[in-house]
Amino acid sequence: MRRRFVMYIISAIALVLSLILLLLNLFGIMNPTNSRIMEVMDTQLLSYTDYIEHDYNEAAAHALSFSDQIEATVESFLVDNSIAFEDLKNNADALSELQCELYNTVYLNMQLAPTSGAFYILDTTVNGQSEPQLYNGIYLKYINLYSESTVNNDIALYRGSFSTAKEGNLTFHSGWNNEMRTDFFDSCKSEFSKGTYYILSPTVDIPDTWERARYIYTPIRDSRDHIIGVCGFEINNLYFQLSKKANDSKLGQLVGALLDEDQEGFSGQFNSNRYNTSGSDFVKVSKRNDATVFDFGEEKCIGKTQSIKLGNNTFTVALMMTESQYNAQIFKGQMKTAGIILFVVLVALTYCLFMSKKYVSPILKKIDQVKYSGDQGKQLKIREIDDLFEYLAQRDVAYEEQLINLQAAKLAAEEEAQRTKAAYEKALEEYELAQNEILQLTEDQKKKIVLEDYDYFICNLTTLTPTESRIYELYLEGKTVKEITTILGIQENTMKYHNKNIYGKLGVSSRKQLLRFAALKQQQDRKGYPNT
């Protein structure tokens, strides 16, 4: 009996474990280590995506400021020299002088932005007969990058004139040329329509170098709002590798990437030189359950992906580990699971032996005493058994009394539950009232955030003349300066005069600020809020 008892218990444990493993396998969670890895990877990917988005938005903000500075300097140069932008073409002296004036702007913005290079390109050239078409500008690059901090890194002139290099005491990059080739001006008007302020390019080869990089582009406009150039920053593979590290205390070193997708597959930048210089322009991406497999040809990685929108384009952020690293984590988890199962089996076996010795042995002994008693007619008159039946009868009475008490307690509990429910509903009403008050306070606070500039704007709308009011309405309809002058039949100088008056009366410094306040006023008008 003892052996059978032990065998039954062990068989039951084995059956339960087998059923559990079978169910885990059927539902795809046979290996809990994989789920844990994917959970950690999801968390790290979210953090890594936010990190990349923050860095590129910061670089884009620097690019917009960079563009404003270039526009102001170019406009001032043209006015001071009494020439038009078109007069710069084939004028080597003027373009060289303009580069010298713009060098400090390019250098300063390169120091401020988290990038590996800075440039501006104007839609003009010193050699209008060149084939292919060349464009004039400055392109500065860091050389010998060794960390994401570029403070102590040397700078080289990649594109620009000799006088620019002399002005900045710069060395020439090994791939230096005087002017640049670009196809930006073929599509710039369509690219920067519909409110697009900057463009982040796919990863491309940098001409005359072994490097690959992305570019952040912002347009350079003249006083007539025509695009006359482009400026921005370079983020090469090495800088991405140095600045976009991804580590996890549980999974170790992770490979992060910002990928571009096209018909042939994925390509992009990785934070590991191992993949930036893998010799393959594309990586194949496929799904495996809830993970993503990255096939580099000779090696595979396991990880996760998430889409991100930067500028007007959508990219893919990826976080991964090598397949060998992943398999090592899985094996470690499997060994841990096997150890736990073995420990449970040993504990169960020990417990069975203990229970057999403590409870089964005395019962068998008592049965043996009854079985081999000489007086067969008195075999049923065992005091322990009689006591057992008497005890069971007493327990029946006790259970009936306990049942009555439990029913009474149940009624009391139901009454208490009703009172608790009423109290909860009252507390919920108070909570919702408090939430409404908080929302009201938040709305009041939002109104305060507008400050004196918006109040001044609202109060002085009525001071506009009929012509100024008409120009203000045309701005709200999305009309450009050129379209407004055509509609009203006025000269550009007259338009500038009206703009100056409108800005002065409404206390704004730019059309962007004017439209922002106007949009806020329209929003408040739709919601029925008072304009204060």
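Quick one: what do you get for segment 140-232 if you divide its Cα Rg by 2.2 N^0.38 Å?
Working: Rg = 15.3 Å, N = 93, 2.2 N^0.38 = 12.3 Å.
Normalised Rg, Cα atoms only: 1.25.
For residue 173, nonlocal amide neighbours, meaning residues 5 or more places apart or on other chains whose placed amide H falls under 5 Å from its own, are 157, 158. Projecting the Cα atoms of 90, 67, 51 onto the charge dipole of segment 27-104, computed from C-beta unit charges around the Cα centre, puts 51 farthest toward the positive end.
With +1 on each Lys and Arg Cβ and -1 on each Asp and Glu Cβ, and nothing else charged, work out how big the dipole of segment 92-244 is about its Cα centre, in Debye to the nearest 20. So the dipole magnitude of segment 92-244 works out to roughly 400 debye. Which FRET efficiency value, to the nearest 0.05, do you get for residue 245 and residue 166 by plugging their Cβ-Cβ distance into 1/(1 + (r/R0)^6) with R0 = 41 Å? Efficiency at R0 = 41 Å is approximately 0.60. Near the amide H of residue 197, within less than 5 Å, lie no amide hydrogens of residues on another chain or at least 5 residues away, with H placed in the peptide plane. Put a dot 7 Å past the Cα of residue 288, heading toward its Cβ, do the same for residue 456, and the two dots end up 6.3 nm apart.
Our coupling estimate for segment 113-130, obtained by passing each phi through the Karplus curve with A = 6.51, B = -1.76, C = 1.60 and θ = phi - 60°, is 8, x, 9, 9, x, 9, 7, 9, 10, 9, 7, 7, 7, 8, 9, x, 9, 5 Hz, Gly and Pro reported as x.
Computed from backbone phi with θ = phi - 60° and the Karplus coefficients 6.51, -1.76 and 1.60, the 3J(HN,Hα) list for segment 452-466 is 6, 4, 5, 4, 4, 4, 4, 5, 9, 4, 6, 7, 6, 6, x Hz; x is used for glycine and proline. For segment 322-335, 3J(HN,Hα) computed residue by residue from phi via the Karplus equation (6.51, -1.76, 1.60; θ = phi - 60°) reads 5, 4, 5, 5, 5, 4, 5, 5, 5, 4, 4, x, 5, 5 Hz, glycine and proline entered as x.
Tally Lys and Arg at +1 and Asp and Glu at -1 over the other residues with C-beta under 11 Å from the C-beta of residue 255: what net charge comes out? Spell out each step's value before the answer.
Working: positive: 244, 245, 274; negative: 299.
Summing Lys and Arg as +1 and Asp and Glu as -1 gives +2.
Label-to-label distance, residue 224 versus residue 336, with points set 7 angstrom from Cα along the beta-carbon direction: 6.9 nm.
At the listed q of 0.14, 0.18, 0.27 Å⁻¹, the Debye profile of segment 28-103, built from one uniform point per Cα, gives log10 I(q)/I(0) equal to -0.65, -0.82, -1.16.
Annotation for segment 145-214: trypsin sites (Lys or Arg not before Pro) lying in DSSP loop with at most 10 further Cβ atoms inside 10 Å of their Cβ are 194. The accessible area of residue 406, taken with all protein chains in place and a 1.4 Å probe, comes to roughly 100 Å².
Could you tell me the calculated FRET efficiency between residue 153 and residue 101, based on Cβ-Cβ distance and R0 = 30 angstrom, to the nearest 0.05?
0.75
Extending 7 Å from the Cα toward the beta-carbon at both residue 186 and residue 487 defines two label points whose distance is 3.5 nm.
Residues 331, 192, 282, 162, ordered by accessible area of protein heavy atoms at a 1.4 angstrom probe radius and largest first, appear as 162, 331, 282, 192.
For the residue pairs 245/304; 194/304; 250/300; 244/309, alpha carbon separations beyond 24 Å are given by 194/304. Size estimate for segment 168-315 follows the Kirkwood approach: the inverse of mean 1/r over distinct Cα pairs works out to 17.7 Å. Relative to the compact-globule estimate of 2.2 N^0.38 Å, the Cα radius of gyration of segment 284-349 comes out at 1.68.
Tell me the per residue accessible area of segment 26-131 using a 1.4 Å probe; a whole number in Å² is fine.
On the way: 4990 Å² over 106 residues.
Value returned for segment 26-131: 47 Å² of accessible area per residue.
The values are calculated or read from the model by the stated rules, or taken from the named source; none is laboratory data. Everything quoted here is computed from the prediction, not taken from an experiment. In this analysis, Cβ positions are derived from the backbone assuming ideal geometry, glycine residues included, and neighbour counts consider all displayed protein chains. Accessible surface is based on the protein model in full, side chains and every heavy atom, while ligands, DNA and RNA are left aside. Shrake-Rupley method; radii C 1.70, N 1.55, O 1.52, S 1.80 Å.
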